[in-house]
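Undergrad: Below: one structure in structure tokens.
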């Protein structure tokens, strides 16, 4: 797989393709980042972007993980001391998950976001950005919560982070798209260059296939889950024998979250996937690419129950090192 394929694998959106192709021509030493608000135990939402960071490392890029303690403080997540304790736990989990420590830089936002030059640039953005524009950028991340002044500052800081971390590429979930568009719009106002961005997909809710998987509602899989927890959650997942299910009774569109987890989490990390089955049911099935597994599910050659059992096993293998690291940190 060449550098461009690694950079764009499983990306929902590339902004812009031309810029990313230029980056892929000489990726060595180039810097990409994801920002994470320290919020607790890593879950599959964190790990989807972490998979992309691993892809970028494999392509030769340096990755920066922003442990956004100031952002978390602005979002009411605790004192700085509390937030930094959580951030250190998250760093250990990311490394256990598979990020190459020699090619990854972990940065606290407070290391540069409180400096005079940064603060003056932030004030300049505040002067040049309407409240509606800032809130529009934050809307998908903020959710239904009533906007506070700190919420409006939040996306402006994310815009500046791209410059102050000396980045060549910004990475985030699709819910970060509006923030990255704000950065492309506003950075030139401060005589800074725009950077390309990659947006990873949002995995559907496990039990319904609708919306997005949500840790706040307790329906995601995290590094805190035991093997039995993972098996229980996956076995209860919505998994029709198709990648494009029919809408529900209310007309809401649905996805197949089991297939999504295979595509975005399992196949990027394993060279092959083996579905173990007794000989009387056809014996083992081996897949080297996601499309073959999806086609077998749709054709009936792969039963949803077998797909779920296999998914649970591979997800558990992925999170097991992080689970063990959490136990060490808490002992």
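The values are calculated or read from the model by the stated rules, or taken from the named source; none is laboratory data. Being a predicted model, the structure only gives us computed values, none of them experimental. Note that we place each Cβ from the backbone using ideal geometry, even for glycine, and neighbour counts take in every protein chain shown.
Undergrad: Scan 281, 314 and give me the residue that is in the same structural domain as residue 230 (by TED's automatic domain parsing) and either under 25 Å from residue 96 (Cβ atoms) or surrounded by 13 or more Cβ atoms within 10 Å (Cβ to Cβ) (or both).
TA: Values: 281 fails: either under 25 Å from residue 96 (Cβ atoms) or surrounded by 13 or more Cβ atoms within 10 Å (Cβ to Cβ) (or both).
Just one listed residue meets the conditions, 314.
Undergrad: A further question on this structure: Just give me the residues in the stretch 78-89 being within 20 Å of the chain's Cα centre (by Cα) and surrounded by fewer than 21 Cβ atoms within 10 Å (Cβ to Cβ), in sequence order.
TA: 86, 88, 89
Undergrad: Continuing with this model, one more query. Answer yes or no: is there a residue in the stretch 237-253 that is closer than 30 Å to residue 56 by Cα and in a helix (DSSP H, G or I).
TA: Scanning the stretch 237-253 turns up no residue that is closer than 30 Å to residue 56 by Cα and in a helix (DSSP H, G or I).
Undergrad: Also: Identify, please: which residue in the stretch 145-166 is assigned to a loop (DSSP other than H, G, I, E, B) and out of contact with any strand residue (DSSP E or B) (no Cβ under 8 Å at 6 or more places or on another chain) and is, among those, modelled with the lowest pLDDT?
TA: That would be 145.
Undergrad: Is it the case that residue 170 is free of Cβ contacts under 8 Å to residues at least 60 places away in the same chain, in contact with a helix residue (DSSP H, G or I) (Cβ under 7 Å, 6 or more places away or on another chain) and either in a loop (DSSP other than H, G, I, E, B) or crowded, with 17+ Cβ neighbours inside 10 Å (or both)?
TA: It is false that residue 170 is free of Cβ contacts under 8 Å to residues at least 60 places away in the same chain, in contact with a helix residue (DSSP H, G or I) (Cβ under 7 Å, 6 or more places away or on another chain) and either in a loop (DSSP other than H, G, I, E, B) or crowded, with 17+ Cβ neighbours inside 10 Å (or both).
Undergrad: I would also like to ask the following. Looking only at the stretch 279-302, which residues are part of a loop (DSSP other than H, G, I, E, B) and closer than 22 Å to residue 268 by Cα? First the steps, then the outcome.
TA: Taking the stretch 279-302 as the starting set, the residues that turn out to be part of a loop (DSSP other than H, G, I, E, B) are 282-284, 288-289, 300-302.
Correct list: 284, 288, 289, 302.
Undergrad: Here is a list: 192, 264. Which entry is surrounded by 21 or more Cβ atoms within 10 Å (Cβ to Cβ), within 30 Å of residue 158 (Cβ to Cβ) and modelled with pLDDT of 95 or more?
TA: On inspection, the qualifying residue turns out to be 264.
Undergrad: Another one. Working only within the stretch 287-300, note down all residues that are surrounded by fewer than 18 Cβ atoms within 10 Å (Cβ to Cβ) and under 10 Å from residue 241 (Cα atoms).
TA: 295, 298, 299, 300
Undergrad: Failed condition for residue 176, given (1) assigned to a loop (DSSP other than H, G, I, E, B); (2) within 30 Å of residue 243 (Cα to Cα); (3) modelled with pLDDT of 90 or more, with all others met?
TA: Among (1) assigned to a loop (DSSP other than H, G, I, E, B); (2) within 30 Å of residue 243 (Cα to Cα); (3) modelled with pLDDT of 90 or more, the lone unmet condition for residue 176 is (1).
Undergrad: Name, by its number, the condition in (1) within 14 Å of residue 156 (Cα to Cα); (2) exposed (fewer than 14 other Cβ atoms within 10 Å of the Cβ); (3) touching a residue at least 40 places away in the same chain (Cβ under 8 Å) that does not hold for residue 105.
TA: In the conditions (1) within 14 Å of residue 156 (Cα to Cα); (2) exposed (fewer than 14 other Cβ atoms within 10 Å of the Cβ); (3) touching a residue at least 40 places away in the same chain (Cβ under 8 Å), residue 105 misses (1) alone.
Undergrad: Looking at (1) surrounded by fewer than 19 Cβ atoms within 10 Å (Cβ to Cβ); (2) under 27 Å from residue 252 (Cα atoms); (3) modelled with pLDDT of 95 or more, which is the one condition that is false for residue 185?
TA: Failing condition for residue 185: (2).
Undergrad: Considering only residues that are touching a strand residue (DSSP E or B) at 6+ places or on another chain (Cβ under 9 Å), part of a loop (DSSP other than H, G, I, E, B), over 21 Å from residue 263 (Cβ atoms) and touching a residue at least 40 places away in the same chain (Cβ under 8 Å), which ones fall in the stretch 17-55?
TA: 30, 37, 38, 40, 41, listed by residue number.
Undergrad: Let me ask something else about it. I'm trying to understand the selection: among the residues of the stretch 263-278, which are in contact with a helix residue (DSSP H, G or I) (Cβ under 6 Å, 6 or more places away or on another chain) and in a helix (DSSP H, G or I)?
TA: Listed by number, the residues that qualify are 263, 264, 266.
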